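Beneath this line is the structure, given in structure tokens, with notes to follow.
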Amino acid sequence: MKEAAVKFDIEKIRADFPVLTRKVHGKDLVFLDSAASSQKPKQVVEAIANYYLHEHANIHRGVHLLSQEATTKYEEARKKIARFINAQNDHECIITKGTTDGINLVASSLGEHCVKEGDEVIISHMEHHSNLVPWQMLCERKKAKLKVIPITDDGELDLEEYEKLLSEKTKIVSVVHVSNTLGTINPVEEMIEKAHDVGAYFVVDGAQAVPHIPVDVQQLNCDFYAFSLHKMYGPTGIGILYGKEEIMNGMPPYQGGGDMINKVTLEKTTYNDLPHKFEAGTPNIAGGIGMGATIDYIDELDWKAAHEFEADVMDYAHERLSEIEGLRFIGTAEKKTGAISFLVGQIHPYDMGVLLDQLGIAVRTGHHCTQPILERYNIPGTVRASFGIYSTKQEVDQLVKGVERAKRMLG
């Protein structure tokens, strides 16, 4: 085991997540579905409960103490998340409902502004539907063309083909940083540079990256970066869209309503400054306060050691699962994190998932909102085991035993 992993107090971490002590069908819960949504530490839940019980008020518009306190906590959370991803300014971090909401914002606002008939948008074959369907819809509206970067048999992007797709017609490239199905870590920094060479904007779906690897948006030099808090030990229904200030200042608002305005008359409305220009209506205040508590929790950890511990567990899972005869991995990229997808013989992934659940083991089965990947590999779905900072090698051993039992029963 790596030195950093030894220093990581896994039992202390697991004690922060009470759900991990649950029994499922009479068995100890083995939670291996963090890619769908991670569990939440009690510190985050308590911060949200405390807001609702003792601090609730609407933000930004009130002069009374509760409103001022809630506004301060909400805006402090924005500053914390900006620091976490190394945004140059906190007003470059738009608080959204999540990754999907952030990508739709860019597609609807930037896309409507800069994509015209005959232009091209590039995505990849490994995208989550959230980073595919909004661009399809944009291209249909604008009579533009959607181009797709192919993936290799190993589950890596074909970068030579990517370069061939780029041209002066390319207006936007939008690519996942880490695949939720394959676990592949894509070389987005290199891809961003090449997109900028042809004058294209670059959007990154970072939902699966932020929980598992360091993200520095200034180093990446991406134009937009979207992610969700519920994937990284925070509350559901809240996320961040980072965008470069000079780009977002030139974009029209995504939605109209309260707080995104400067002055409203019956004849004309002028819009607020960033970030409020893109934050219409009463936001998820409790989620924002939970976001701040999430970053506080992460800051108390040795985040590097946590990543290394998790990577060590995932490497062990690859090693142990590869010992099962007839098991094949879907996605064998050299650089992976977070998730392992596999199939065993001719066993349908749904059947495997149901049997594992009876053993207390929570995995995800199906297409994982990446149906084009399944078409690429001509498979009905996968079994996906995904990991968090609370995952252990003992849980991996339980998974292996469960898969072997399912193989005996269903094979």
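The values are calculated or read from the model by the stated rules, or taken from the named source; none is laboratory data. Computed from a predicted model, the values in this text were never measured in an experiment. A quick note on method: Cβ atoms are made from the backbone with ideal geometry, for glycine too, and the neighbour counts reach across all protein chains shown. Surface accessibility is based on the protein's heavy atoms, side chains included, excluding ligands, DNA and RNA. Shrake-Rupley method; radii C 1.70, N 1.55, O 1.52, S 1.80 Å.
Side notes on the structure shown:
- FRET efficiency, 1/(1 + (r/R0)^6) with R0 45 Å, evaluated for residue 282 and residue 189 via beta carbons: 0.75
- Expected 222 nm ellipticity per residue - DSSP helices of 4 or more, -39500 (n - 2.57), all of the chain, to 500: -12000 deg cm²/dmol
- Cα-based Kirkwood hydrodynamic radius, the stretch 176-249, one decimal, Å: 12.9
- Peptides 108-114, 144-150 ranked from most to least packed, by the mean per-residue count of other Cβ atoms within 10 Å: 108-114, 144-150.
- Gain on full stretching of the segment that runs from residue 58 to residue 11 - 0.36 nm per residue minus C-alpha separation: 13.1 nm
- Semi-axes of the equivalent ellipsoid for the stretch 229-304, Cα gyration tensor, largest first, Å: 31, 14, 9
- In this structure the chain gives 44 Å² per residue of accessible area when probed at 1.4 Å with all protein chains present.
- Probe 1.4 Å - accessible area at residue 151, Å² to nearest ten: 10
- Distance from the stretch 365-394 to the stretch 194-254 (C-alpha centre basis), Å: 23
- Probe 1.4 Å, all protein chains present, accessible-area order of 140, 75, largest first: 140, 75
- Percent carbon-and-sulfur accessible area, the chain, ignoring ligands, DNA and RNA, probe 1.4 Å: 48
- Stretch gain in nm, segment residue 408-residue 249, where the contour uses 0.36 nm per residue and the Cα spacing is subtracted: 51.3 nm
- Label-zone membership for the stretch 57-95, site residue 49, 7 angstrom Cα→C-beta point, backbone N under 19 Å: 57
- A protection proxy built from the mean count of other Cβ atoms within 10 Å ranks the segments 250-257, 228-235, 204-211, most packed first, as 204-211, 228-235, 250-257.
- Between residue 153 and residue 69, the simple label model (points 7 Å from Cα in the Cβ direction) yields a spacing of 6.3 nm.
- Of 244, 116, the residue with the largest accessible area leads and the full order is 116, 244 (1.4 Å probe).
- In this structure residue 355 has an accessible area near 30 Å², from a 1.4 Å probe over the protein heavy atoms.
- Scattering curve values for the chain, log₁₀ I(q)/I(0), Debye with Cα scatterers, q = 0.07, 0.11, 0.14 Å⁻¹: -0.35, -0.85, -1.28
- Extended-chain gain in nm, criterion 0.36 nm per residue less alpha-carbon gap, residue 379 and residue 36: 121.5 nm
- Where only alpha carbons of the stretch 16-110 are counted, the Rg and the Dmax (Å): 17.8, 52
- With the simple spin-label model, which puts each label point 7 Å out from Cα in the Cβ direction, the residue 394 to residue 268 separation comes to 6.8 nm.
- Among 224, 31, the sequence by solvent-accessible area, most first, with a 1.4 Å probe is 31, 224.
- Spatially proximal lysines relative to residue 304 (Cα-Cα < 20 Å; intrachain offsets below 8 disregarded): 2, 7, 12, 40, 80, 231, 335, 336, 393
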